[in-house]
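Remarks on the structure that follows.
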Ligand SMILES: Nc1ncnc2c1ncn2[C@@H]1O[C@H](COP(=O)(O)OP(=O)(O)O)[C@@H](O)[C@H]1O
Ligand SMILES: [Mg+2]
């Protein structure tokens, strides 16, 4: 866990993909133009599972696959949805992709393996770290850096994932 987070992280114990989907849906409901979410965790932790549930709640229709080979895939939902997976590239290669267009655009950016490009992320962003703690159990740490992400974490800590129907 990073030491310089702002505010208190939200620690979520997921007992199966449906629990992870509830957290993803809460965040999709909170998303606004320019929202940036970084996802980290080992292979098979559930980054893509999270992304798929997030996209569904955002109103994206059709299949959201891991964009490992394409790096960036764009979808249309309530807001444009930019799904990125930087697993196969270096920071230097990422710098040539023009990611700022996405991060500072009108859509929502979700980055799998965000730690590779941490220094390229906008300072305000949400970071999600998924740890495999059992076959179906995951410990998910949600940290806010800047606004509105700190408020999201406070709200999650106060009310949990079931109260964000907006
Ligand atoms: N609690 C859970 N949360 C998310 N995924 C889970 C959970 N339990 C089991 N899984 C399974 O783990 C796998 C995660 O794969 P994936 O999302 O592709 O991982 P990643 O993108 O992190 O490599 C999926 O098959 C999913 O169904
Ligand atoms: Mg993946």
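Across the range 38-119, the convex hull enclosing all Cα atoms gives 82 Å³ per residue. In the chain, the DSSP-assigned H stretches of four residues or longer account for a calculated mean residue ellipticity at 222 nm of -7500 deg cm²/dmol, using -39500 (n - 2.57) per stretch and the full residue count as denominator. Multiplying the residue separation of residue 163 and residue 115 by 0.36 nm and removing their Cα-Cα distance gives an extension gain of 14.3 nm. Using the Cβ-Cβ distance between residue 13 and residue 42 with R0 set to 25 Å, the FRET efficiency from 1/(1 + (r/R0)^6) comes to roughly 0.90. Taking the DSSP beta bridges with both ends in the chain, the antiparallel portion is around 60 percent. Here the relative contact order of the chain, from alpha carbon pairs under 8 Å that lie six or more residues apart, stands at 35 percent. Where in the range 86-128 does the label zone of residue 78 land, with the point 7 angstrom along Cα→C-beta and an amide N cut-off under 18 Å? Under 18 Å, as judged by backbone N against the label point of residue 78, lie 106-110, 126 of the range 86-128.
Just so you know, all these numbers are worked out from the coordinates, no wet-lab data involved. As the structure is a computational prediction, the values presented were derived from the model and not from experiment. Here the Cβ is made from the backbone with ideal geometry for all residues, glycine too, and neighbour counts use every protein chain on show.
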